[in-house]
1. Please specify each residue of the range 35-55 satisfying the condition of being without any contact (Cβ under 8 Å) to a residue 24 or more places away in the chain and in contact with a strand residue (DSSP E or B) (Cβ under 9 Å, 6 or more places away or on another chain).
2. Just to be sure, is residue 59 in contact with a strand residue (DSSP E or B) (Cβ under 9 Å, 6 or more places away or on another chain) and not assigned by TED's automatic domain parsing to the domain that holds residue 119?
3. From 82, 57, 64, 91, which residue is exposed (fewer than 15 other Cβ atoms within 10 Å of the Cβ) and closer than 24 Å to residue 119 by Cβ?
4. Can you tell me which residue is modelled with the lowest pLDDT among those in the range 25-76 that are touching a helix residue (DSSP H, G or I) at 6+ places or on another chain (Cβ under 6 Å) and in a loop (DSSP other than H, G, I, E, B)?
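The values are calculated or read from the model by the stated rules, or taken from the named source; none is laboratory data. If you're wondering where the values come from, they're calculated on a predicted model, not measured in any experiment. Every residue, glycine as well, gets a Cβ built from its backbone with ideal geometry; the counts of neighbours run over all protein chains shown.
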């Protein structure tokens, strides 16, 4: 038996801010919206945001508020992608230029951490996502 991931779901108290952030960053449309759930859809996977009233924002790298899950996004231009993330309301948490591949850690408006990786350095496994800023 083979399984596949249909969607990834993030918890947040302000689902509109988080869904808008990821929709703009990934260039994926919002395809479903209700009071407690918003879905944005890519070609083969969805990213959804569900309302959690007392959501406690994760704060990487603080162990008392762990990240629980994060996304790695390979991009062709780290600086250009970083500018877009900050314009959309994201927060830069760390810069790791000496890693292979080099990467930067960010958080979305609800504190979910994610990494931008330099797609031109060291990446050999998996698909590469093209963010709108790279077009």
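1. Within the range 35-55, the first condition is being without any contact (Cβ under 8 Å) to a residue 24 or more places away in the chain, and the residues that meet it are 35-38, 40-44.
Scanning the range 35-55 gives 35, 36, 37, 38, 40, 41.
2. Details: in contact with a strand residue (DSSP E or B) (Cβ under 9 Å, 6 or more places away or on another chain): yes; not assigned by TED's automatic domain parsing to the domain that holds residue 119: yes.
Yes; evaluated as a whole, the condition is true for this residue.
3. On the way: 82 fails: exposed (fewer than 15 other Cβ atoms within 10 Å of the Cβ); 57 fails: closer than 24 Å to residue 119 by Cβ; 64 fails: closer than 24 Å to residue 119 by Cβ.
Sole residue among the options that is exposed (fewer than 15 other Cβ atoms within 10 Å of the Cβ) and closer than 24 Å to residue 119 by Cβ: 91.
4. In the first step, residues of the range 25-76 are kept if they are touching a helix residue (DSSP H, G or I) at 6+ places or on another chain (Cβ under 6 Å); the result is 27, 30, 38, 40, 47, 49, 51, 75-76.
Now restrict to residues that are in a loop (DSSP other than H, G, I, E, B): 27, 76.
On the way: 27: 96, 76: 86.
Once the filter is applied, the top-ranked residue is 76.
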